[in-house]
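Notes follow the structure.
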Amino acid sequence: MPTSSASTTDSARPAASGGVQSLERAFDLLERMADAGGEVGLSELSASSGLPLPTIHRLMRTLVACGYVRQQPNRRYALGPRLIRLGESASRLLGTWARPYLARLVEETGETANMALLDGDEIVYVAQVPSKHSMRMFTEVGRRVLPHSTGVGKALLAGFPPEEVRALLGRTGMPAATEKTITTPEGFLAALEEVRRQGYAIDDNEQEIGVRCLAVPVPDAPTAAAISISGPAGRVTESATERIVPVLQEIARELSEALANPGGPAA
């Protein structure tokens, strides 16, 4: 049988999951590109995916035609601008799906609950359910902050290799939001080690004076995500922390399971 016919049949046949194999491969390549920083060569994709170069070239040609990938002047391939619209819509949906879980967090802790994502080098808040208390943190959905001064930033970056964290801090700088903000890479890396040791992150007046935040990552989320509660330091005390952290961790696990469910989240 001719090679081209075999290749076409191979790419169009059903995948083991019951889906279309060429679609699964195309999305796998997009994810590999994202993992590589957004720009790769065909040989790199072939080495990491195990697919033959002709198959990758055919898939990339289709992705370029659709606008999801673009070919650079240096012949390498980069993620395309049409993915931005998909990502923005998916982020909004992720926040919508998270709201019932955040509402439970508010019910059980009494404090404002947030969900945040790591978007490039910044933290962006994508969902919030406010506390019923009159004194609460007023972080709004859509707000962007640098990771080094937030509990959610620490919770997310604790899972990154130290060299990647240093590179991020080198790009963003470490400006002080308050007198308690960590402003050195060494201090921040030590704080991340503490996050890994205790299983949660604390922002102790580091983003806003008078406010404490407790945060945990959402394990195995489709993109780096964390949930948190924030409130006045007088309420989010050491004893309150011991009570709140297990609730945070439990709801993060439940949200993770819901996001992994192909049928969609259901709180």
Tell me the angle of helix 3-12 to the major Cα principal axis of the chain, expressed in degrees between 0 and 90 and rounded to the nearest ten. 30 degrees
Ordered by residue, what ³J(HN,Hα) values in Hz, to whole numbers, does the range 42-52 give under the Karplus form 6.51 cos²θ - 1.76 cosθ + 1.60, where θ = phi - 60° and Gly and Pro are x? 4, 5, 5, 5, 5, 5, 7, 8, x, 7, x
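Determine one quarter of the surface area of the Cα convex hull of the chain, which equals its mean projected area, and express it in nm² to one decimal.
Convex hull of Cα atoms, orientation-averaged projection: 16.1 nm².
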Note to self, the chain gives a 222 nm [θ] from helices alone (DSSP H runs n ≥ 4, -39500 (n - 2.57) apiece, / all residues, nearest 500) of -16000 deg cm²/dmol
Compute the separation of the alpha-carbon centres of the range 33-55 and the range 143-166 and state it in Å as a whole number. 28 Å
For the chain, what is the relative contact order in percent, using Cα pairs closer than 8 Å and at least 6 residues apart in sequence? 14 percent
Note, ³J(HN,Hα) from phi for the range 202-211, Karplus 6.51, -1.76, 1.60, rounded to Hz, x at Gly and Pro: 10, 10, 9, 6, 8, 9, 8, 4, x, 10
Calculate, for Leu86 and Glu179, the FRET efficiency according to 1/(1 + (r/R0)^6) with r their C-beta to C-beta distance and R0 51 Å; round to the nearest 0.05. 0.80
Round to the nearest 0.05 the FRET efficiency obtained for Arg70 and Thr172 when R0 = 22 Å and r is the Cβ-Cβ distance. 0.25
Would you mind checking the tilt of helix 162-172 against the longest principal axis of the Cα atoms of the chain, expressed as 0 to 90 degrees and rounded to 10? 80 degrees
Order by protection proxy (mean Cβ within 10 Å, highest first), peptides 99-109, 229-239, 169-179: 99-109, 229-239, 169-179
What is the distance in Å between the Cα centres of the range 180-253 and the range 96-130? 13 Å
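With the contact rule set at Cα under 8 Å and sequence spacing of 6 or more, what percent relative contact order holds for the range 128-267?
About 23 percent, as a whole number.
So for the range 71-210, averaging the separation of alpha carbon pairs under 8 Å that are six or more residues apart and normalising by length, what relative contact order in percent results?
Numbers: 172 pairs, mean separation 23.9, N = 140.
Result for the range 71-210 is 17 percent.
None of the figures in this text is laboratory data; all of them are computed from the coordinates on show. Note that the structure is predicted; figures quoted are calculated from it, not measured. Here the Cβ is made from the backbone with ideal geometry for all residues, glycine too, and neighbour counts use every protein chain on show.
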